[in-house]
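Asks: Sharing a structure, written as structure tokens. Questions coming.
No lab work stands behind these numbers, since they all come straight from the coordinates. This is a predicted model, so every value here is computed, not measured. Heads up, the Cβs are rebuilt from the backbone with ideal geometry, glycines too, and the neighbour counts pull from every protein chain shown.
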Amino acid sequence: MPRIAIALQDDFADWEPALLMATARCYLGCDVLTASPDGRPVTSMGGLEVTPDIGFAEIEPERFDALVIPGGFAWEKGEAFDFTELARDFHAKGKVVAGICAAASALAATGILDGVAHTGNSRASHAKYPGYQGADHYRDQPCAVSDRGIVTAPGSAPVTFAMEVLKALDLWTPEAQAEISAFAAEHR
């Protein structure tokens, strides 16, 4: 089964990776590990304290099939981790890279979105990063976008984010569909 690294930092948006984590771990048997910059506990925007499994230095593409980065308040405070090297390394090795909300904009800063269809909170939030050259590939839509192993979503789309990450990992099984569709039902 695939191994998924969830890269957390203080003030992460706890609702953004939750459905993906629960579905992958409990229903699909994936190994889902949480990480923080130094391996010490982090506190989410909602006050949830998480003791991570590993530090960011241990997130290596050779050990994981996906790097998932939730958004959060750290970017607004100017205290977010720089995921450039990690995201580029995962992408270069053909691994899934996923960012939601402010993390999608952080991926825009890395350059990996420049040639793929992607979304996020807004094109303007991506354009705040001087290295972003992917405006022509931006999709202004309320649900997640997946293209060539890169998944992005606005912060309001944790359901389609989970769905597209699972699809990118070839885990879109009947079990996954049943779990995700139960949560998506309210949006019909």
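Asks: Look at region 31-78 and say how many of its residues are aliphatic (A, V, I, L, M), more than 27 Å from Lys93 (Cα to Cα) and surrounded by 15 or more Cβ atoms within 10 Å (Cβ to Cβ).
Replies: Selection size over region 31-78: 4.
Asks: Within region 94-188, which helices (runs of 4 or more DSSP H) (wholly inside it) include 3 or more residues that are hydrophobic (A, V, I, L, M, F, W, C)?
Replies: It comes to 102-110, 158-168, 174-184.
Asks: Would it be correct to say that Lys93 is closer than 18 Å to Ala7 by Cβ, basic (Lys, Arg) and out of contact with any helix residue (DSSP H, G or I) (no Cβ under 8 Å at 6 or more places or on another chain)?
Replies: The answer is yes for Lys93.
Asks: Name the residues in region 130-148 that are more than 21 Å from Leu166 (Cα to Cα) and surrounded by fewer than 16 Cβ atoms within 10 Å (Cβ to Cβ), would you?
Replies: Pro130, Gly131, Gln133, Ala135, Asp136, His137, Asp140, listed by residue number.
For every residue, the table says whether it meets (1) touching a helix residue (DSSP H, G or I) at 6+ places or on another chain (Cβ under 7 Å); (2) part of a loop (DSSP other than H, G, I, E, B).
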position: Ala5; (1), (2): no, no
position: Met21; (1), (2): no, no
position: Cys26; (1), (2): no, no
position: Ala35; (1), (2): yes, no
position: Arg40; (1), (2): no, yes
position: Glu60; (1), (2): no, yes
position: Phe64; (1), (2): no, yes
position: Val68; (1), (2): yes, no
position: Trp75; (1), (2): yes, no
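Asks: Next question. Exactly one of (1) in contact (Cβ under 8 Å) with a residue 24 or more places away in the chain; (2) among the hydrophobic types (A, V, I, L, M, F, W, C); (3) within 14 Å of Leu20 (Cα to Cα) is unmet by Ala182. Its number?
Replies: Going through (1) in contact (Cβ under 8 Å) with a residue 24 or more places away in the chain; (2) among the hydrophobic types (A, V, I, L, M, F, W, C); (3) within 14 Å of Leu20 (Cα to Cα) one by one, Ala182 breaks only (1).
Asks: Within region 79-93, can you find the residues that are part of a loop (DSSP other than H, G, I, E, B) and either surrounded by fewer than 19 Cβ atoms within 10 Å (Cβ to Cβ) or without any contact (Cβ under 8 Å) to a residue 12 or more places away in the chain (or both)?
Replies: Glu79, Phe81, Asp82, Lys93, listed by residue number.
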